[in-house]
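The values are calculated or read from the model by the stated rules, or taken from the named source; none is laboratory data. If you're wondering where the values come from, they're calculated on a predicted model, not measured in any experiment. Don't worry about glycine lacking a Cβ; one is built from the backbone with ideal geometry, like all the others, and counts go over all protein chains shown.
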Amino acid sequence: MVYAGVDPGLISGAVAAIDHHGHYIGAFFIEHQDKRILPIVFKNSLLKLIDPKEGAEIAIENVHSMPGQGIASTARFMRAVGVIEAVCELTRYPVHMVAPQTWKKYWHLTSNKDESLDVARMIWPEAPLKRKKDHGVAEALLIADYWRQVHQGVKREDYPISSPNI
């Protein structure tokens, strides 16, 4: 089973996948052009991460508009989120919406993106998380692993990571 996590976004959206043991498979940034998600490119990139013989579960962060955002930027963001959700649904793999508060609480994270990067770098040192702007991939990995653990019934205290941040 492959677990894919999606951190939606128009410019910084990312997808990451892990296997049923939590091992890193791959990740990519969601491509866009002229402030629009490229749905065919997104679908093809997503399906490259998933071995069809293994199946998959896709967990998408359930995002909403932010207070203070302009109407035009909110509309573009929500259109991008809609494309991401639709493409994931069309893969015919189960899709699950996860509230950011839920998965971040699970990992003992705040809204600070650096915390997500630190935890993901510790768990998946082989993942491409060298730059600050890789926070989308880090969060996609953490969403995927959150869903894997929930799906498999793993208790948080059973997870083999010891860190003051977790």
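Beta carbons closer than 8 Å, at least 6 apart along the sequence or on distinct chains, pair a first residue in segment 109-123 that is part of a loop (DSSP other than H, G, I, E, B) with a second that is among the aliphatic types (A, V, I, L, M) and buried (at least 17 other Cβ atoms within 10 Å of the Cβ) for 109/119; 109/142. Of all residue pairs spaced 6 or more apart or on separate chains, those with beta-carbon atoms under 7 Å, a first member in segment 63-89 that is farther than 21 Å from residue 16 by Cβ and without any contact (Cβ under 8 Å) to a residue 60 or more places away in the chain and a second member that is of a type in the set (A, V, I, L, M) and surrounded by 13 or more Cβ atoms within 10 Å (Cβ to Cβ) are 65/78. On the given criteria, is residue 92 more than 15 Å from the chain's Cα centre (by Cα) and either crowded, with 16+ Cβ neighbours inside 10 Å or of a type in the set (Lys, Arg) (or both)? When the stated conditions are applied, residue 92 passes them. Scanning segment 97-111 for residues that are crowded, with 16+ Cβ neighbours inside 10 Å and of a type outside the set (Lys, Arg) gives 98, 100, 103, 106, 107, 109. Exactly one residue out of 127, 99 is hydrophobic (A, V, I, L, M, F, W, C) and under 17 Å from residue 148 (Cα atoms), and it is 99. The residue of segment 40-60 that is nearest to residue 92 (Cα to Cα), among those that are surrounded by 15 or more Cβ atoms within 10 Å (Cβ to Cβ) and not hydrophobic (A, V, I, L, M, F, W, C), is 57.
Being out of contact with any His (no Cβ under 9 Å at 6 or more places or on another chain), within 24 Å of residue 149 (Cα to Cα) and at pLDDT below 90, is that true of even one residue in segment 58-73? Yes, the conditions are met somewhere in segment 58-73. Among the residues of segment 131-141, the ones that are out of contact with any helix residue (DSSP H, G or I) (no Cβ under 6 Å at 6 or more places or on another chain) and either modelled with pLDDT of 95 or more or surrounded by 17 or more Cβ atoms within 10 Å (Cβ to Cβ) (or both) come to 4 in all.
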